[in-house]
Amino acid sequence: MHELAIGCHLSAAKGYAAMGQTASSIGATTFAFFTRNPRGGNAKAIDPVDAARLAEHLRTQGFGPLVAHAPYTYNLCSAKQDVVSFARRAMREDLERLECLPGNYYNFHPGSHVQQGSERGIALICEGLDQILERGQATVVLLETMAGKGSEVGRSFEELARIIEGCDKGDMLGICLDTCHVWDAGYDVRDDLENVLDTFDHVLGLERLKALHLNDSKNPRGSHKDRHECLGKGSIGASAFASIVRNRRLRELPMILETPNDLKGYAHEIRALRSWAQGEEP
Ligand code: FE
Ligand code: FE
Ligand code: ZN
């Protein structure tokens with residue numbers, strides 16, 4: 001077994017190569033970043049030299065695939081036509097820009113249907129994805145499992161499966177499982193991890209699971225809140241994360257921390273996860 005691909009969310013403000021340097025400085029071997037300012041707005045053009053420097057760093061330092069994150073402001077199933085068109089155009093642009101960094105992932109929140117109902121929400125998401133995805137693109141797009149806050153779509157494995165089944169290009173999609181979100185959605189990743197993975201396999205197929213977001217939760221299971229906590233300080237608890245990094249069905253996946261931390265805190269969590277994977281107890 002090779003080393004775990006673990007990392008955290010990093011700021012893209014200083015460019016791509018700088019993210020690779022920062023990741024290595026905290027012991028990370030993957031990372032996440034926003035493809036543009038999370039509050040929307042125009043995307044900076046990617047400097048191909050900067051991207052090539054990062055690609056070289058990832059290759060020589062043995063990084064796993066990166067997991068770029070679409071801004072939270074995209075909503076493919078808003079009731080407002082302009083919001084939907086913006087999300088479609090912006091995702092298409094993000095994927096075009098990621099072509100200079102091939103072989104990575106791009107994950108996004110399926111959307112919030114805002115009183116239109118999940119049926120209509122799913123139909124809009126599918127229509128959008130069929131426009132956005134292009135056969136032969138260098139990036140795999142991942143749907144994120146959601147906590148079910150408000151009218152979020154993707155609150156259950158079944159809803160995610162309906163999105164994939166409803167897209168003509170559904171075979172191109174994968175899933176990013178967020179531990180805080182699935183816990184808040186009601187899945188018991190603390191005391192019944194194997195059963196949750198069996199259910200995932202049954203409903204979606206484990207071959208679709210491409211990345212993990214490792215977050216503890218501030219709230220009890222099934223709360224539909226989506227408030228991340230540092231590992232071991234929330235209701236999921238450290239021993240659940242030890243089981244996750246040791247799990248033969250999960251340990252090969254890129255694992256991204258989105259815990260409320262600074263870089264020092266992330267370095268500490270990455271070190272802890274690596275030691276738990278080696279059999280140390282939390
Ligand atoms: Fe997310
Ligand atoms: Fe997440
Ligand atoms: Zn979240």
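Would you mind calculating the gained length between Asp130 and Arg248 on full extension (0.36 nm times residue separation, minus the Cα-Cα distance), in nm to one decimal?
That works out to 39.2 nm of additional length.
Ratio of segment 176-242's C-alpha Rg to 2.2 N^0.38 Å, to two decimals?
Scaled against compact globular proteins, the figure is 1.03.
Arrange the peptides 209-219, 161-171 so that the one whose residues have, on average, the most other Cβ atoms within 10 Å appears first.
The packing order, highest mean first, is 209-219, 161-171.
With 10 angstrom as the radius, rank Leu263, Leu10 by how many other C-beta atoms surround their C-beta, starting from the fewest.
In order of increasing Cβ crowding within 10 Å: Leu263, Leu10.
Give, rounded to the nearest 20 debye, the magnitude of the charge dipole that the chain has about its Cα centre when Lys and Arg contribute +1 at Cβ and Asp and Glu contribute -1 at Cβ.
Here the size comes out at about 700 debye.
Can you tell me the FRET efficiency between Asn195 and Thr73 if r is taken as the Cβ-Cβ distance and R0 is 41 Å, rounded to the nearest 0.05?
Computed FRET efficiency for Asn195 and Thr73 comes out at 0.75.
How far apart, in nanometres, would the label points at Lys233 and Ala52 be if each is projected 7 angstrom from Cα along the Cα-to-Cβ direction?
4.2 nm
Relative contact order, percent, of segment 1-85 when contacts are C-alpha pairs under 8 Å separated by at least 6 residues?
31 percent
Which aspartates and glutamates does Lys225 reach when only Cα atoms under 17 Å apart count, and residues fewer than 8 places away in its own chain are ignored?
Glu144, Glu152, Asp178, Asp184, Asp188, Asp216, Glu258
At each listed q (0.22 Å⁻¹), what is the log10 of I(q)/I(0) that the Debye formula gives for segment 149-282 modelled as equal alpha-carbon point scatterers?
-1.42
For the chain, give me the percentage of DSSP beta bridges that are antiparallel, rounded to the nearest 5 percent.
15 percent
Report the chymotrypsin sites (Phe, Trp or Tyr not before Pro) located in segment 21-84 that are in a DSSP loop and have at most 15 other Cβ atoms inside 10 Å of their Cβ, or state none.
Listed in order of number, the matching sites are Tyr72.
Please work out the Cα center distance from segment 118-147 to segment 155-201, rounded to the nearest Å.
That distance is 15 Å.
Holding the Cα-Cα limit at 31 Å, pick out from Lys44/Lys264; Lys169/Lys264; Lys80/Lys233 the pairs that are longer than that.
Beyond 31 Å: Lys169/Lys264; Lys80/Lys233.
Checking a compactness column here: for the chain, what do you get for Rg(Cα) / (2.2 N^0.38 Å), N being the number of residues?
0.95
Distance in nm between label sites at Asp171 and Arg89, each 7 Å beyond Cα in the beta-carbon direction?
3.2 nm
Can you pull the semi-axes for segment 78-128, root of five times each eigenvalue of the Cα gyration tensor, sorted largest first, whole Å?
25, 12, 7
Read the figures in this text as sums done on the coordinates, not as results from a lab. Bear in mind that the values here come from a model prediction, so they are computed numbers and not experimental data. Every residue, glycine among them, receives a Cβ derived from its backbone with ideal geometry; neighbour counts consider all protein chains shown.
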